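Novice: Sharing a structure, written as structure tokens. Questions coming.
The values are calculated or read from the model by the stated rules, or taken from the named source; none is laboratory data. Since the structure is predicted, the reported quantities are computational estimates derived from the model, not experimental observations. FYI the Cβ positions are ideal-geometry reconstructions off the backbone, even for glycines, and counts take in every protein chain you see. When the accessible area is computed, the model is the full protein with side chains, heavy atoms only, and any ligands, DNA or RNA have been set aside. Shrake-Rupley method; radii C 1.70, N 1.55, O 1.52, S 1.80 Å.
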Amino acid sequence: MVRLTGAPANTLADLADAVGGFDCVHPVSEEYLHVAVKPLGFVVDDPDGGDELDPDTADAAADAAADVFADERPFEAELERVNLFPDSVFAEIDADGRFERIHRELLSLPDVPALPNDGDAYTPHVTLGDFRSTSDFEYFVEWLEDNRDIDADPIEIDAFHLVERDPAKSFSSLETLRTYELEE
């Protein structure tokens, strides 16, 4: 993932607050704002396949990811517009295909599981909130149509982070396990 800071994070925090003003949306906290690049899956002692892997396999995948980032240079990404997935509100991110390429490279690593939103289904984005009901949804959609465009400074991408979070908690804290710095 990529952590967001500075003016782009402030803009996105304001957007999360705005969408959270509707009963139908549970907004993310400012600390949770990030660009997900490739979820690794659930690390468990006895994986049963699918989206689970054991700690040794997770460590091997994290080590292999360093090779993906070794030749990557810092870059900028633009916040495009607010959009919807069936279960959430998000900000679209455009970095001239770099996130998509990095995602595919991470997905191609040995022992990295393919998850439902991987591959062609991957969309670079920042989640602003999840839908929690249909209450006032029609008013939210009307607001969204008038507030889609995002006017923000570019996001400076100079590091990627492997993080751990508690899947039982909505928008839980993101604990950094590894950082992959991008060198000039």
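Novice: Can you tell me which condition residue 179 does not meet? The list is (1) under 27 Å from residue 26 (Cβ atoms); (2) without any contact (Cβ under 8 Å) to a residue 40 or more places away in the chain; (3) in a strand (DSSP E or B), and all the others hold.
Specialist: (1)
Novice: Another question, then. Kindly indicate whether any position in the stretch 92-109 is open to solvent by less than 50 Å² (accessible area, probe 1.4 Å), among the charged types (D, E, K, R), in contact (Cβ under 8 Å) with a residue 24 or more places away in the chain and not in a loop (DSSP other than H, G, I, E, B).
Specialist: yes
Novice: Working only within the stretch 33-51, note down all residues that are touching a strand residue (DSSP E or B) at 6+ places or on another chain (Cβ under 8 Å), in contact (Cβ under 8 Å) with a residue 24 or more places away in the chain and either closer than 16 Å to residue 161 by Cα or not hydrophobic (A, V, I, L, M, F, W, C) (or both).
Specialist: Answer for the stretch 33-51, where residues must be touching a strand residue (DSSP E or B) at 6+ places or on another chain (Cβ under 8 Å), in contact (Cβ under 8 Å) with a residue 24 or more places away in the chain and either closer than 16 Å to residue 161 by Cα or not hydrophobic (A, V, I, L, M, F, W, C) (or both): 33, 34, 35, 36, 37, 40, 41, 51.
Novice: Take residue 78 and tell me if it is surrounded by fewer than 19 Cβ atoms within 10 Å (Cβ to Cβ) and within 22 Å of residue 156 (Cα to Cα).
Specialist: Against the criterion (surrounded by fewer than 19 Cβ atoms within 10 Å (Cβ to Cβ) and within 22 Å of residue 156 (Cα to Cα)), residue 78 qualifies.
Novice: It is to be established whether one or more residues within the stretch 116-136 are among the aromatic types (Phe, Trp, Tyr), over 28 Å from residue 183 (Cβ atoms) and part of a helix (DSSP H, G or I).
Specialist: Checked against the condition, which is being among the aromatic types (Phe, Trp, Tyr), over 28 Å from residue 183 (Cβ atoms) and part of a helix (DSSP H, G or I), the stretch 116-136 yields no hits at all.
Novice: Among the residues in the stretch 114-123, are any touching a strand residue (DSSP E or B) at 6+ places or on another chain (Cβ under 7 Å) and either crowded, with 16+ Cβ neighbours inside 10 Å or not hydroxyl-bearing (Ser, Thr, Tyr) (or both)?
Specialist: Checking the stretch 114-123: not a single residue is touching a strand residue (DSSP E or B) at 6+ places or on another chain (Cβ under 7 Å) and either crowded, with 16+ Cβ neighbours inside 10 Å or not hydroxyl-bearing (Ser, Thr, Tyr) (or both).
Novice: Residues in the stretch 33-75 that are closer than 15 Å to residue 126 by Cα, part of a strand (DSSP E or B) and either out of contact with any helix residue (DSSP H, G or I) (no Cβ under 9 Å at 6 or more places or on another chain) or open to solvent by 50 Å² or more (accessible area, probe 1.4 Å) (or both): how many?
Specialist: Number satisfying all stated conditions: 1.
Novice: Just to be sure, is residue 161 crowded, with 16+ Cβ neighbours inside 10 Å, at pLDDT 95 or above and either in contact with a Pro (Cβ under 9 Å, 6 or more places away or on another chain) or more than 19 Å from residue 42 (Cα to Cα) (or both)?
Specialist: no
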